[in-house]
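The structure appears right after this line, and notes come after that.
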Amino acid sequence: MANKTKNEFIAYSEPAIRNNLSIVEYCRTSVAAVSGCTAGVLGLTGLYGAVFFVVAVTTFWFMLLFKAGIDSWKKYFISRNSLLLNGIFGHFFTYILCWTFIYGMVHVY
């Protein structure tokens with residue numbers, strides 16, 4: 001690797017970054033729905049269910065960074081933190097929706 005100077009610019013392809021973020025958003029929504037269904041089937045309630053969501057989102061984030069490459073994720077995304085935190089509340093609501101729906105189907109008589 002060459003030494004980078006402060007005056008060196010990094011060029012990003014906006015359509016490629018937008019496409020990558022769109023795919024990540026779709027995967028994040030799917031992870032929220034599947035983990036919500038899993039929490040519902042397992043019968044997790046209260047704080048255990050919320051912790052399960054945090055574990056699922058964090059696991060997905062690590063898997064995404066591993067797939068992109070430990071040091072080469074900068075080629076595909078602008079910020080690691082944005083990959084973790086963008087849309088977290090919207091996905092939490094998707095998680096809760098799937099969680100309560102499946103929990104009600106499985107555990108409520």
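Here, each number is a calculation from the coordinates, and none is a lab measurement. Not measured: the values here are computed from a predicted model. Because the Cβ atoms are built from the backbone with ideal geometry, glycine has one as well, and the counts that use them run over all protein chains shown.
Key figures for this structure:
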read-out	value
At 1.567 mPa s and 4 °C, Stokes D of the chain from Kirkwood alpha-carbon radius, µm² per second	83
Average Cα contact separation per residue, the chain, under 8 Å, 6 or more apart, as relative contact order %	46
Net charge of Cβ neighbours under 14 Å - reference PHE62; Lys, Arg +1; Asp, Glu -1	+3
Rounded tilt (10° steps) of 88-107 against the dominant C-alpha axis of the chain	30
Helix axis angle, 14-42 relative to the chain longest principal axis, alpha carbon, degrees	20
Helix 47-68 axis, angle to the chain major axis (alpha carbon atoms, nearest 10°)	30
Additional length obtainable on full extension of the chain from ILE23 to LEU42, 0.36 nm per residue less Cα span	4.0 nm
